Amino acid sequence: MPSRTSLILACLLLHAGATAYAAAAACPPASNTVTGGDYTNPEHRDRLAVVERFHFTPQVERLERGESGHIGGDIGYTLDHFANHHRALAALSRLGLREKSSQPKGSKYSVDCYFSRAIRFRPDDARVRAIFGGYLLALGQLDAALLQMEEAARLEPQNATNQYNLGLLYLRKHEYGKARDAAKLAYEQGFPLPGLKNKLVAAGQWRD
């Protein structure tokens, strides 16, 4: 006869498994490689052109109107075909913020889910991480944004914009040494805006 403790443990494990399964079902991985593909792969440009011609049009990207219904539906269709479509992810982020909704009208999944799908599809796509970090920052989720921006900078250490934005976030968290290091990397790579340096100077944290 199983003990009460064993039964409780079994129930907890069953619940955890069911919860994980439900989460995976709610945000399935991107798998369309027939009519879609990798946004950064030049060999997939023909398929991309079809999707952008009929769904991710300039009007959709500017969040003016949808082509086949709600704007969120057209952006979602685009991301179903090209999970790491940078401009579509940025547009969806803006739409979510504008609607003050984690799942914009017309989209099948939440904004977080679309980013999760993009990251699972192309874990080494630094631009996806940077866009996600900017979205999380706009929501005030500083720690989560920092994780994404750090990963973007790790994947593309020579990207001056990533280093600059990372430095600004470190500065907001009062991590001055890290902010200074990121700023110097950004400026060494030719980043033109002096704002980060000026903020560090004002805080007495700049070192030439």
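Coordinate-derived values only; no laboratory data. Bear in mind the structure is a predicted one, so any value in this text is a computation, not a measurement. Glycine also receives a Cβ, built like all others from the backbone with ideal geometry; neighbour counts cover every protein chain displayed.
Exposure proxy ranking for His86, His81, His55, based on other Cβ atoms within 10 angstrom of each Cβ and starting from the fewest, stands as His86, His55, His81.
Each residue of segment 200-206 was assigned a 3J(HN,Hα) from its phi angle through the Karplus expression (A = 6.51, B = -1.76, C = 1.60, θ = phi - 60°), giving 5, 4, 4, 8, x, 10, 8 Hz with x at Gly and Pro. Averaging the sequence gap over all C-alpha pairs within less than 8 Å and six or more residues apart, then dividing by the number of residues, gives the chain a relative contact order of 12 percent.
Along its first, second and third principal axes, ordered by size, the chain spans 69, 57, 33 Å in Cα coordinates. For segment 56-70, the Karplus equation 6.51 cos²θ - 1.76 cosθ + 1.60, evaluated at θ = phi - 60°, returns couplings of 9, 7, x, 5, 5, 4, 7, 6, 8, 6, x, 9, 10, x, 6 Hz by residue, with Gly and Pro reported as x. Shown in residue order for segment 82-94 are the 3J(HN,Hα) couplings computed by the Karplus curve 6.51 cos²θ - 1.76 cosθ + 1.60 at θ = phi - 60°: 10, 4, 9, 5, 4, 5, 5, 5, 5, 5, 5, 4, 5 Hz (x for Gly and Pro).
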